[in-house]
1. Add +1 for every Lys or Arg and -1 for every Asp or Glu among the other residues with Cβ under 13 Å from the Cβ of residue 140, and state the total.
2. Where Lys and Arg each count +1 and Asp and Glu each count -1, what net charge lies around residue 67 among other residues with Cβ under 14 Å from its Cβ?
3. Among 52, 14, 35, which residue has its Cα furthest toward the positive end of the charge dipole of region 1-54, with +1 on Lys/Arg Cβ and -1 on Asp/Glu Cβ?
4. For region 1-73, state which chymotrypsin sites (Phe, Trp or Tyr not before Pro) are in a DSSP loop and have at most 13 other beta carbons lying within 10 Å of their beta carbon.
Amino acid sequence: MIRIYNETDISTVLDIWLQGSIKAHSFVAPEFWESQVENMRNIYIPASQTFVFESDSKIIGFYSLFEDTLAAIFVSPEFQGKGTGKQLIIHAKNQCTELELNVYKENEASVQFYLSQGFNIVSEQTDEHTGHQEYSMQQKS
């Protein structure tokens, strides 16, 4: 079940985000992600519209939208590959007329996932926070 985030979800959402960020972005030092937890808690999550995916009353994934940008989408590592991410993407697409996102070029699994979910690469740039290359992607019209 996908539902709107509420403030009592923050610890679980941050745990999923941190675990997922470290796993998906092995090319960035874990300390960078750890240093961003408070920004996620105090700035990014509150500024976004966030939805959580619950299974058996446990949050196993979430996504955050900032305007028409998919700012975050993460699934607990033990639940990846079971369709949760696809359900979250479908839900996110239904919230926006045109959805866009940024993804690290080196995160090949996620790039392939987004391509399989109807997104196109529209540009490539350097992420100012990490110095790594990232793609900007938009859903196909």
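1. Computed value for this residue: -1.
2. -3
3. Sorting the options by dipole projection puts first 52.
4. Taking region 1-73 and a limit of 13 other Cβ atoms within 10 Å, the loop chymotrypsin sites (Phe, Trp or Tyr not before Pro) found are 27.
Read-outs throughout are calculated quantities, based only on the coordinates presented, and are distinct from any laboratory measurement. Computed from a predicted model, the values in this text were never measured in an experiment. Note that each Cβ is placed from the backbone with ideal geometry, even for glycine, and that neighbours are counted across all protein chains shown.
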